[in-house]
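Below you'll find the structure, written out as structure tokens, and then a few comments.
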Amino acid sequence: MSPFRSIVVGTSVIAVIGLVTLGRMLWSARLPAGLELMELGIHGIRGAGDAHLMWEDIADIAVVVAPSAKLSITDANGSPPILTSIPYLGADPNDVAVVLRFFRDHPEGRNLLTQGGNAALRRVEKR
């Protein structure tokens with residue numbers, strides 16, 4: 001193979017890899033970023049799948065450490081746990097776990113979730 005042909009083939013391979021990577025990034029952007037807490041339940045988590053759970057269906061909320069901290073949400077139906085890390089949550093899994101546990105265990109405070117994140121976080125901090 002001539003040197004010119006090697007350069008053309010190499011450049012083409014790099015361009016295809018770049019386009020595939022860009023396509024994957026755009027495809028994953030269609031999912032919601034992070035985790036959205038609503039009065040009826042939670043949904044979201046880009047990259048770790050699409051989670052839709054009612055508060056009553058959440059059996060366990062934990063943080064597993066292996067090699068980095070990951071949030072683990074287990075539903076009451078016995079499905080495999082949803083595992084997600086900082087890049088997909090946009091926050092420390094330990095902090096997210098505290099907030100999730102609070103609203104799972106205190107249904108009377110869930111109406112704050114409709115008022116926005118600051119009101120909900122202030123309520124969690126007061127406990």
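The values are calculated or read from the model by the stated rules, or taken from the named source; none is laboratory data. None of these values were measured; they are calculated from a predicted model. Virtual Cβ from ideal backbone geometry, glycine too; neighbours counted across all protein chains shown. With ligands, DNA and RNA removed, areas are computed over all heavy atoms of the protein, side chains included. Shrake-Rupley method; radii C 1.70, N 1.55, O 1.52, S 1.80 Å.
Yes/no per residue for (1) surrounded by 14 or more Cβ atoms within 10 Å (Cβ to Cβ); (2) under 12 Å from the mean Cα position of the chain (by Cα); (3) modelled with pLDDT under 85:
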{"position": "Leu35", "(1), (2), (3)": "yes, yes, yes"}
{"position": "Gly41", "(1), (2), (3)": "yes, no, no"}
{"position": "Ala48", "(1), (2), (3)": "yes, yes, yes"}
{"position": "Ile58", "(1), (2), (3)": "yes, no, no"}
{"position": "Ile61", "(1), (2), (3)": "yes, no, no"}
{"position": "Lys70", "(1), (2), (3)": "yes, yes, no"}
{"position": "Asp75", "(1), (2), (3)": "yes, no, no"}
**Message:** Being assigned to a helix (DSSP H, G or I) and touching a residue at least 40 places away in the same chain (Cβ under 8 Å) is the filter here; which residues of the stretch 79-96 pass it?
**Reply:** Pro87, Tyr88, Leu89, Val96
**Message:** Within the stretch 86-99, does at least one residue satisfy the condition of being of a type in the set (S, T, N, Q), open to solvent by less than 60 Å² (accessible area, probe 1.4 Å) and within 24 Å of Glu125 (Cβ to Cβ)?
**Reply:** no
**Asked** So which residues in the stretch 97-107 are free of Cβ contacts under 8 Å to residues at least 60 places away in the same chain and in contact with a strand residue (DSSP E or B) (Cβ under 7 Å, 6 or more places away or on another chain), if there are any at all?
**Response** Ala97, Arg101, Arg104
**Complete:** Scanning the stretch 105-127 residue by residue, the ones that are assigned to a helix (DSSP H, G or I) and farther than 13 Å from Leu35 by Cβ total 16
**Asked** If the Cβ limit is 6 Å and pairs must be 6+ apart or interchain, which residue in the stretch 112-127 that is of a type in the set (Ser, Thr, Tyr) pairs with which residue that is open to solvent by 30 Å² or more (accessible area, probe 1.4 Å)?
**Response** Thr114/Glu39
**Request:** Could you figure out which of (1) within 14 Å of the chain's Cα centre (by Cα); (2) open to solvent by 20 Å² or more (accessible area, probe 1.4 Å); (3) not charged (D, E, K, R) isn't true of Leu121?
**Result:** (1)
**Arg30 vs. criteria outside any loop (DSSP other than H, G, I, E, B), open to solvent by 40 Å² or more (accessible area, probe 1.4 Å), modelled with pLDDT under 90 and charged (D, E, K, R)** = no
